[in-house]
Amino acid sequence: MVIDDPEIVAEVEAAFAAYERALVGNDVAALEGLFNDDPRTLRYGATENLYGMDEIRAFRRGRSPQGLARTLERTVITTYGRDHAVANTLFRRETAPGRIGRQSQTWVRLPEGWRVVAAHVSVIDDV
């Protein structure tokens, strides 16, 4: 297995960047399209535990579009072979001084392209 093949890393970086644009722009359709449409897809958020795309959709569609801007730090994307990757990043929001967010995503190449199959978001004190 090849870890971090530059071609595959570039593909996942592009998918990750598309996710970030959709997130801060509150492009709900794009966000939904980047997650695997499957009842086994998970998203653990800062205040919610979402099991399956139905719950993820309901969360995205009901979320306020305010306060989504953020800056990323220390983003690490690692690919395993041609079809699996993990992306981890730290983020900060001006609306949450003294706090730092953590985001992890598991990406899989499916027939329709790269999709998130599991995600975790949490926020802690920035010490």
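Here, each number is a calculation from the coordinates, and none is a lab measurement. Being a predicted model, the structure only gives us computed values, none of them experimental. Here the Cβ is made from the backbone with ideal geometry for all residues, glycine too, and neighbour counts use every protein chain on show.
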Next on the checklist: Given 20 °C and 1.002 mPa s, compute D for the chain with the Stokes-Einstein relation, Rh being the Kirkwood radius over Cα pairs; round to the nearest whole µm²/s.
Outcome noted: 143
Checklist entry - Could you work out the helix-only [θ] at 222 nm for the chain, with each DSSP H run of four or more residues adding -39,500 (n - 2.57) and the total divided by the number of residues, to the nearest 500 deg cm²/dmol? => result -9000 deg cm²/dmol
Checklist entry - Under a GNM of the chain (C-alpha, springs under 10 Å), which listed residue has the highest mean-square fluctuation: Val108, Val117, Val24? => result Val24
Item to check | Least to most buried among Arg60, Arg99, Arg74 (fewest other Cβ within 10 Å first) | outcome: Arg74, Arg99, Arg60
Item to check | Over the chain, relative contact order from alpha-carbon pairs under 8 Å, at least 6 apart, % | outcome: 26
Item to check | Cα-projected label distance for His120 with Val86, points at 7 Å along beta-carbon direction, nm | outcome: 0.9
Checklist entry - Amide H to amide H, which residues 5 or more places from Leu42 or on other chains are under 5 Å from it, using H placed in the peptide plane? => result Gly52, Ala118, Ala119
Item to check | Gyration tensor verdict on segment 1-73 (Cα atoms; rounded if a/c is under 1.5, prolate if a/b is larger than b/c, oblate otherwise) | outcome: oblate
Next on the checklist: Once R0 is set to 22 Å, what does the formula 1/(1 + (r/R0)^6) return for the Cβ-Cβ distance between Asp5 and Val76, expressed as a FRET efficiency to the nearest 0.05?
Outcome noted: 0.90
Checklist entry - What list of ³J(HN,Hα) couplings, whole Hz, do you get for segment 91-96 from phi and the Karplus terms 6.51, -1.76, 1.60, once you set θ to phi - 60° and write x for glycine and proline? => result 9, 10, 10, 4, 6, 9
